Amino acid sequence: MASILRLSEGANLAVHAMAYIASQPAGEPVTAVQIASDLGFSRDHLNKVLQRLARNGLVISRRGPHGGFVLGRNAEEVMLLEIVQAIDGPLSAGECLLGRSICGSRCALGGLTRLVFEQVKKVLAETPLTALPRLPPA
């Protein structure tokens, strides 16, 4: 059965990386190497995700010996939907749960899947980064 909500591995990585960066004391920069090591991610994939987040203004890259990544805005202003869309682009309605092409009004579950999709999108749009658990665990 297909999934109602599909987030790419990159979007998942982006949300986790942003939560990790937001957990740093007083906006202290954190390196991609540290994030990848602590969260168990591929450093190369993480670097690509962080570049996309930087292009979208969600993180700022600081160079130098004390460089790393910091949030581009206050964590309470960054909504999860922004993070996901920075990586995956605009969310679109889910696919048929049976893996078939969308059958429009003839589908008994079409209205339900659209409702669930809209609710998930609304939650992502209204949930700030600060609502996530602090990473890494204390």
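The values are calculated or read from the model by the stated rules, or taken from the named source; none is laboratory data. Here the structure is a predicted model, which is why all the values come from computation and not from measurement. So basically every Cβ, Gly included, is an ideal-geometry build from the backbone, and we count neighbours across all protein chains shown.
Would you mind stating whether residue 33 is without any contact (Cβ under 8 Å) to a residue 60 or more places away in the chain, closer than 30 Å to residue 118 by Cα and either surrounded by 16 or more Cβ atoms within 10 Å (Cβ to Cβ) or over 13 Å from the mean Cα position of the chain (by Cα) (or both)? No; evaluated as a whole, the condition is false for this residue.
Taken across region 42-64, residues that are buried (at least 18 other Cβ atoms within 10 Å of the Cβ), free of Cβ contacts under 8 Å to residues at least 24 places away in the same chain and not basic (Lys, Arg) do not occur at all. Only residues that are closer than 15 Å to residue 15 by Cβ, part of a helix (DSSP H, G or I) and over 14 Å from the mean Cα position of the chain (by Cα) were counted in region 64-76, giving 0. A single entry from 6, 52 fulfils the requirement of being at pLDDT 95 or above and of a type in the set (Lys, Arg): 52.
Looking only at region 37-49, residues that are at pLDDT below 95 and either among the hydrophobic types (A, V, I, L, M, F, W, C) or closer than 21 Å to residue 128 by Cα (or both) come to 2 in all. Residue count for region 77-98 satisfying the condition of being part of a helix (DSSP H, G or I) and at pLDDT 95 or above: 9.
Scanning region 18-33 for residues that are closer than 13 Å to residue 75 by Cβ and touching a helix residue (DSSP H, G or I) at 6+ places or on another chain (Cβ under 7 Å) turns up 18, 19, 20, 22.
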